[in-house]
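Input: a single structure, listed below in structure tokens.
The values are calculated or read from the model by the stated rules, or taken from the named source; none is laboratory data. Everything numeric in this text was worked out from a predicted model, so none of it was measured. Backbone-built Cβ (ideal geometry, glycine too); neighbour counts: all protein chains shown.
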């Protein structure tokens, strides 16, 4: 393996690590917002909690992927990720 190949490999690994770190930081940044909506700290956001924070019922229903009338943290992350610029 030439020196050039090693440098390219190392640059690719560094880029992947930076991308992973950025993704983790972005995911962590959504947690406080979820916790703000989850007023009773049960790990789910109900329609009532969502509306109390200024959300619209129509938006809540669109984000409730499994139709259980609650948003889990996973549903929350997926919903907010799809709306990220």
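Key figures for this structure:
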read-out	value
Hits in the stretch 49-81 (condition: under 16 Å from the mean Cα position of the chain (by Cα) and part of a loop (DSSP other than H, G, I, E, B))	64, 65
One residue from 35, 58 being surrounded by 12 or more Cβ atoms within 10 Å (Cβ to Cβ) and free of Cβ contacts under 8 Å to residues at least 24 places away in the same chain	35
Residue, modelled with the lowest pLDDT, within the stretch 29-48, restricted to residues that are more than 14 Å from the chain's Cα centre (by Cα) and more than 13 Å from residue 72 (Cβ to Cβ)	36
Condition met for residue 80 (surrounded by 12 or more Cβ atoms within 10 Å (Cβ to Cβ) and at pLDDT below 85)	yes
